[in-house]
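Please treat every number below as a calculation from the coordinates, not as lab data. Not measured: the values here are computed from a predicted model. Note that we place each Cβ from the backbone using ideal geometry, even for glycine, and neighbour counts take in every protein chain shown.
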């Protein structure tokens, strides 16, 4: 359900003020940046750079939140906290795969939702 993955109120307000273009551009920028963040996260993790890996997840959390992706933001935060607690025993790879799947699904849902809204 869209309300489980997107902050509807935030997106509605954003589109009513700025139109559809800026949020669609934000989605594109998010998708372009997130692969770098995920790659950096895994790279740091593999070098035992747990804090640095956590910072990459924190970037994803913030970027997702800025376009209204609540599920992705929450999941990135959850993974960040688990990683910082469990460190080298953490199954980061499988969690990154899950997060990437959510990112792809949720950005598609967000874009579809935005297209249903009135606005420029």
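Averaging the sequence gap over all C-alpha pairs within less than 8 Å and six or more residues apart, then dividing by the number of residues, gives the range 2-116 a relative contact order of 32 percent.
For the chain, modelled as a GNM whose springs connect Cα atoms under 10 angstrom apart, the maximal fluctuation among 43, 74, 94 occurs at 94. With q set to 0.12, 0.20 Å⁻¹, the log10 of I(q)/I(0) for the chain, from the Debye formula over equal scatterers at the Cα positions, is -0.43, -0.98.
Residues 115, 29, arranged from fewest to most other Cβ atoms within 10 angstrom of their Cβ, appear as 115, 29.
Where the centroid of each part is defined by its Cα atoms, how far is the range 96-120 from the range 2-27 in Å? Between the Cα centre of the range 96-120 and that of the range 2-27, the gap is 10 Å.
Ranked from largest, the principal axis spans of the Cα set of the range 1-61 equal 45, 22, 17 Å.
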